[in-house]
Structures are given as C-alpha cells and as structure tokens.
Amino acid sequence: MADLVSHPDEVKVVSKRFGQGAVNIDRYLELDGYKAVQKALTMQPDEIINLVKNSGLRGRGGAGFNTGLKWSFVPKQSAKPKYILCNGDESEPGTCKDRLIFEHDPHAIIEGVMIAGLAVGAQTGYIYVRGEYRYLLEIVQKAIADAYAKGFLGKNIFDSGKTFDIYWHGGAGAYEVGEESALMESLEGKRGIPRIRPPFPAVVGLWGGPTVINNAETLASVPHILLGGAEWYANLGSPKNGGTRLFCLSGNLNKPGVYELPMGYSLKKMIYEVGGGIPNGRKLKGVVPGGSSVAILTADEVNADVAMDFDAMLKAGSMLGSGGVVVLDDTACIVNFALRTIKFYKHESCGWCIPCREGTDWLQKTLIRFHSGGGVKKDIDNMYYLAENMLGRTFCPLGDAAAMPVIAFVKKFRQEFEDHLDGKPCPFAKHSGAQQSPVMA
Amino acid sequence: MKFSDKFEKRFTEMLAHYPTPRSVLVPTLLYAQDEVGYLSDEVIAELANRLSLTELDVRNVISYYSMLTTKPRGKFNVQVCTNIACMLRGGEELMEHCEQKLGIGNKGTTADGVFTLEEVECIGACSWAPAVQVNYDFHENLTPAKLDKVLDECRKRIG
C-alpha cells in the first residue's frame, strides 16, 4: 500500500523484512521468524531484561525511556495478572512508521510482545491498532490466528509448558489514546482520559494488574536484539541510544519516505541526502524533528549539524520524539503552521485538565485571528506566556505537546509573527478575511 | 436489533479476550457503525444492554472518539487530512477542491447521500502526503486530478 523507499545509508533491522512477504507466517519462519522467542524461552527473565537494557533500546513512541529498564519495574510477584500492551495507536502528526511494520512484518510485533511477556512474567498481551488503520488491524488479526494455528501462541508454546495469549484491539479515532494511561482506559472500554501517576502502569495498569506498554516499533526491535545480541545492537547507534530507528521524512522534500537510519545520524544529511533536499530550488526554513509535539529547529540550527538521537536532540533544545521529521521550506508561513498545529491539539484535548483545554482553545482563537490580520502586538507575548503556563500542569503530556511547539515558534520566528501585525496580509499566502475572536485580557 | 453473523461471531470471541465485558466496547462500536452506517439509538440501546452499561455510558464513550458518529453519513466518507505534513504538500487545497466539487462543507453530506466530506487529523500517511481516506481506503500522493478519479470511481461503484 504505502510505497517503500531506500537509501544506501540505511541500516535495515526493523525494516529488514519489508517487501519480503513476511506477512505470511511460513515466509516469516524462513526469514528467522520465531527464533528469537524460542531463544528467550531458554533464558531467565532477568537475562532477557538485562540484554534489552544493555542494548540501549529506548522507547520508539517518543519518550525514549530505556525499554529494559521499563520492564524491570514490573514486580516479580503479583496477585493480579500481568499484561503486555503494544501501542499501535500511531497518531502523532508526522509519524507513519508503525504502519509499515504492521503492514510488512506483523509477526515481529507478536514475537516482541511474547518476549516482553517472558521477561516480566506476563501471560497475556494485547496489540492495540488505531481505528483508521483497519487494513492493518485485519493483518494483525490474521497474523495472530496464524500463530495460534501453528501452536506458537496458546498453551505450551514451543513445548515449554508455558502459556501465552495475544489478542487484538482496535481504536476508534483518538490521538490522546496513544498516551499510555489513556490507552489502557480505551482498552477497558472507556473514554481515553489519562490516569494520574503514580502508580505507574508497571505496578498498576490494565484492570489493576502490572502492565508493560511499549510502542509497536520498540517491540518489533526486540526479536532482533535477542538474536543479534545487546552489544551488536548498541553499537549500531550512538552512546546510550542503541540501534536504528524508522525516520518518517515528510513535508517539503524531494524524496519523502520512511528510512531506517542509525540512531545519531546527522539531521542535515537526513534532509539533504537521504530526503533528497528541498524541491524547486527553495531554501530550508525549519524542521520539526520528532513529530508535531516538539520544538522546531531553524535552518541555521539544522545546518550546524545535530545528531538524531534522544540526548543530542534534547541538548539542541528539541526532542527526538516519534521519529516524524517534518521539513518546511521558505514558502511556509510559520504562523499558519503554528495555527494548524494548535488546531490539532485543540481538537484532540480531552478537556480533563483545564490548562490544556483552555490553553489550546485560546491559542487557537488567537492564532486564527492573528493569521488573518487581526493580530495585536500583545498577542505574541500572550501566546508565549499562555503556552509556558500549560507546561507540566496536566495529567498527560498532551498539554506539553501543544505548548512546546508554540513556545519555539514564537521564540525562533518572532519576526514572522510581527510581519503579520497591523492588519498586514499574510506575507506567504492567501488568507481568509479578518476573524473576530476576542483579544485575551 | 440484528447484526451480521460475522459481527456476532467476532463479538462473542472478543468477550473471551478480556476480564471485563466492557472492554469490547470501542472496537465493537466501530464495527456496529460499519454495518448500520451510524450509531443509532437502537444500536446504542442494544450494546448498552449486552454489556450491562447504561445508554449514557455508551454515549459518553462515543462522544470521545472522532471516528464514531450518531448521525448518518454518506456511503463514502471522504476524509481529507490537512494536518502539518499534508498541509505542506497541498492538503488544504485538496479540502477546498472537495468542497467545490461536492458542493458541501466540512462534515456535510451530498443531497444524494453518496459522499460525506470530513477534514481529519493526521491519518499516518505523512511520507506519502497529501493523503485522503475514503472509508478505510488510503489514497496517497494526491493531486486534485488524482482525487477526482478516486471520487469518480466511487460514483461508478454506486452505479
């Protein structure tokens, strides 16, 4: 369905089986399928956890927490059943990588869930797929059924005497459900309102039982680590950022696509070489390097050459996030881009926490008026102040996700905001008549 | 209230997957909507009854999820993504094009009941932008002309 691309700098680990017909379980077995879980069955749980910890694998959903460490938080003994929950609610604008894994290599995710289960002592896993990805849910449903038919799932898996069950689950359209506590609420049949932490899901999760929640790409990486070893995987990436990652290049690029590159790869090379540079002789204006929730980097910051790993991006004042790299050329209007970004968060905010509900609403109102020529100077600082005061004041990170990009837009592109003042038309494009939203007091 | 055999088989299977029956609710609502066209009062009452929930519980869940609707839609739900990655490659222009071609606005349905138009948030097609989902089918790397073909195909399928 979605086109595959390739570049010589790619290091294919998670994408190794893309385009190889691995959706078919027999083909998957030919391509080393289900070997990793059989290896895991010969290992002690702590051995598996330490292997994954030492590989430097960090959560590919966006938070970048060490996966092995996350698993180690699950208590050994638990009166309630433990669960593995695969987060396939991919919805962060700019991100379209899990889609390819589900489409081309669903059994790798199943294997990853099983290995996580063996590591923490869970016997049940759920694979949650966002509602819009119906064709992928169908692929997952068939993959699970095929694994049961082979006896890989259910009772006495691979003659180990152990039981492991995996079930599919579908969403129905909600970005916030990608947040782990909201994901559990959704799986329990409720609105995706986040839960307060502590207790963390590793201790109190699904139906009160200890739960590990990992992104689909994270889990799909695990079988490769089991077979290749922690050292091999760690050495593919940069210090403390093991392995490779699927980067989703989008926006104003000659060759957008999903490319698997080593952690720590140069952002500049990613744009100008892998992504084929900016079309039509235009210049780079900025890059949103980790999905819509993160701070934009200006062309100067990109050209200064930043490494694409969790720590280097944090140091550069942004975040590696979900691997969605959105590229803007010099015809893009930052105010309009900010408006579209905030419209999204306003739409997705569940309204549970007031700073997020009111903050996104006021930011949207202000940006609509501002972009259409009704802006006053005070708005610029108001937006900044408003966003700053949303940070860290909500149950889930949706409020932060809305605030962080706005702060960066205003701070780094203030001039563009000022160019919209005094009823001047947007210097970049058509616009739609002044809107009459009120100015914040 | 009668659903298809496939629906019933799936529903029974799903109930065995969770410790609480309520857990089947979100995917079941979407499957029910796919069969009936929307979440009618009858569907809501039926599912509430089956899962020992109040109708209010069910409605409360429905209102949270953007794909769920209690109002009928056209046969083809044309969902145009205008989020950032699509916007940079012409998503907003595609939306305008649809509005003009179909003569309806966001969330409107054509008088013949064939098309509903909806501006949607990121559908996970960023690297193949701009993209549109018609019901569950993805159409990517679109131009207005390519989208016209997609819509014309839809009309042909109606006959």
> Considering only residues of region A:185-200 that are open to solvent by less than 50 Å² (accessible area, probe 1.4 Å) and either in a helix (DSSP H, G or I) or at pLDDT below 95 (or both), which is farthest from the other protein chains (Cβ to nearest Cβ)?
Replying inline: A:Glu185
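Here is a check on your reading of the model: is A:Thr366 more than 14 Å from chain B (Cβ to nearest Cβ), assigned to a helix (DSSP H, G or I) and crowded, with 24+ Cβ neighbours inside 10 Å? Reasoning before the result, please.
Working: more than 14 Å from chain B (Cβ to nearest Cβ): yes; assigned to a helix (DSSP H, G or I): yes; crowded, with 24+ Cβ neighbours inside 10 Å: yes.
Here the answer is yes, as A:Thr366 does meet what is asked.
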> How do the pairs read when you match residues in region B:124-151 that are more than 8 Å from chain A (Cβ to nearest Cβ) with residues anywhere that are open to solvent by less than 10 Å² (accessible area, probe 1.4 Å) and assigned to a loop (DSSP other than H, G, I, E, B), using Cβ under 6 Å and keeping only pairs 6 or more apart or on different chains?
Replying inline: B:Ala131/B:Ala125; B:Leu142/B:Pro130
> Does region B:36-59 include one or more residues that are more than 30 Å from B:Met14 (Cβ to Cβ), at pLDDT 95 or above and polar (S, T, N, Q)?
Replying inline: no
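Restricting attention to region B:47-58, which residues are open to solvent by 40 Å² or more (accessible area, probe 1.4 Å) and in a helix (DSSP H, G or I)?
If we filter region B:47-58 for residues that are open to solvent by 40 Å² or more (accessible area, probe 1.4 Å), which is where we start, we get B:49-50, B:52, B:54-57.
Across region B:47-58, the qualifying residues are B:Asn49, B:Arg50, B:Glu55, B:Leu56, B:Asp57.
Search region A:63-98 for residues being among the aliphatic types (A, V, I, L, M) and buried (at least 24 other Cβ atoms within 10 Å of the Cβ), and hand back the single one that is farthest from the other protein chains (Cβ to nearest Cβ). It would help to see each step written out before you state the result.
Going through region A:63-98, the residues among the aliphatic types (A, V, I, L, M) turn out to be A:63, A:69, A:74, A:79, A:84-85.
Filter once more, keeping what is buried (at least 24 other Cβ atoms within 10 Å of the Cβ): A:74, A:84-85.
Working: A:Val74: 18, A:Ile84: 14, A:Leu85: 12 Å.
So the residue we want is A:Val74.
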> Could you say whether any residue in region A:334-353 is more than 17 Å from A:Cys396 (Cα to Cα), in a helix (DSSP H, G or I), among the charged types (D, E, K, R) and open to solvent by 40 Å² or more (accessible area, probe 1.4 Å)?
Replying inline: yes
> Among the residues of region A:253-292, which ones are assigned to a loop (DSSP other than H, G, I, E, B), on the phi < 0 side of the Ramachandran plot and surrounded by fewer than 24 Cβ atoms within 10 Å (Cβ to Cβ)?
Replying inline: A:Asn254, A:Lys255, A:Ile278, A:Arg282, A:Lys283
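Filter region B:1-31 down to residues that are outside any helix (DSSP H, G or I) and in contact (Cβ under 8 Å) with a residue 24 or more places away in the chain and give me whichever is surrounded by the most Cβ atoms within 10 Å (Cβ to Cβ).
Taking region B:1-31 as the starting set, the residues that turn out to be outside any helix (DSSP H, G or I) are B:1-4, B:16-20.
Cutting the leftovers down to in contact (Cβ under 8 Å) with a residue 24 or more places away in the chain gives us B:1, B:3-4.
Numbers: B:Met1: 12, B:Phe3: 17, B:Ser4: 11.
By that ranking, first place goes to B:Phe3.
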>> Take A:Asp329 and tell me if it is open to solvent by less than 10 Å² (accessible area, probe 1.4 Å), at pLDDT 95 or above and over 26 Å from B:Met67 (Cα atoms).
In response: yes
>> Tell me the residue from A:Ser238, A:Ser250 that is hydroxyl-bearing (Ser, Thr, Tyr), within 22 Å of B:Ile123 (Cβ to Cβ) and either under 22 Å from the mean Cα position of the chain (by Cα) or open to solvent by 10 Å² or more (accessible area, probe 1.4 Å) (or both), please.
In response: A:Ser250
> Restricting attention to region B:105-118, which residues are in contact with a Cys (Cβ under 8 Å, 6 or more places away or on another chain) and either more than 20 Å from A:Glu348 (Cα to Cα) or within 13 Å of chain A (Cβ to nearest Cβ) (or both)?
Replying inline: B:Val114, B:Phe115
> Within region A:121-143, which residues are of a type in the set (Phe, Trp, Tyr) and more than 9 Å from every other protein chain (Cβ to nearest Cβ)?
Replying inline: A:Tyr128
> Would you say A:Ala147 is within 22 Å of A:Glu47 (Cβ to Cβ) and assigned to a helix (DSSP H, G or I)?
Replying inline: no
> Checking A:Ile110 against (1) within 15 Å of A:Leu41 (Cβ to Cβ); (2) buried (at least 24 other Cβ atoms within 10 Å of the Cβ); (3) within 14 Å of chain B (Cβ to nearest Cβ), which test does it fail?
Replying inline: (3)
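Could you tell me whether B:Arg89 is modelled with pLDDT of 95 or more, basic (Lys, Arg) and more than 15 Å from the chain's Cα centre (by Cα)?
Working: modelled with pLDDT of 95 or more: yes; basic (Lys, Arg): yes; more than 15 Å from the chain's Cα centre (by Cα): yes.
Yes; evaluated as a whole, the condition is true for this residue.
If you check B:Asp41, B:Asp5, which single one turns out to be under 21 Å from the mean Cα position of the chain (by Cα) and acidic (Asp, Glu)?
On the way: B:Asp5 fails: under 21 Å from the mean Cα position of the chain (by Cα).
Of B:Asp41, B:Asp5, the one residue that is under 21 Å from the mean Cα position of the chain (by Cα) and acidic (Asp, Glu) is B:Asp41.
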> Considering only residues of region B:59-69 that are in a helix (DSSP H, G or I) and open to solvent by 20 Å² or more (accessible area, probe 1.4 Å), which is farthest from the other protein chains (Cβ to nearest Cβ)?
Replying inline: B:Arg59
> Quick check: is even one residue across region B:32-45 crowded, with 18+ Cβ neighbours inside 10 Å, aliphatic (A, V, I, L, M), part of a loop (DSSP other than H, G, I, E, B) and more than 10 Å from every other protein chain (Cβ to nearest Cβ)?
Replying inline: yes
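The values are calculated or read from the model by the stated rules, or taken from the named source; none is laboratory data. Since the model is a prediction, treat every value here as computed from it, not as a measurement. Ideal geometry is used to build each Cβ from the backbone, glycine not excepted, and the neighbour counts take in all protein chains shown. Surface areas here come from the heavy atoms of the whole protein model, side chains and all, with no ligands, DNA or RNA. Shrake-Rupley method; radii C 1.70, N 1.55, O 1.52, S 1.80 Å.
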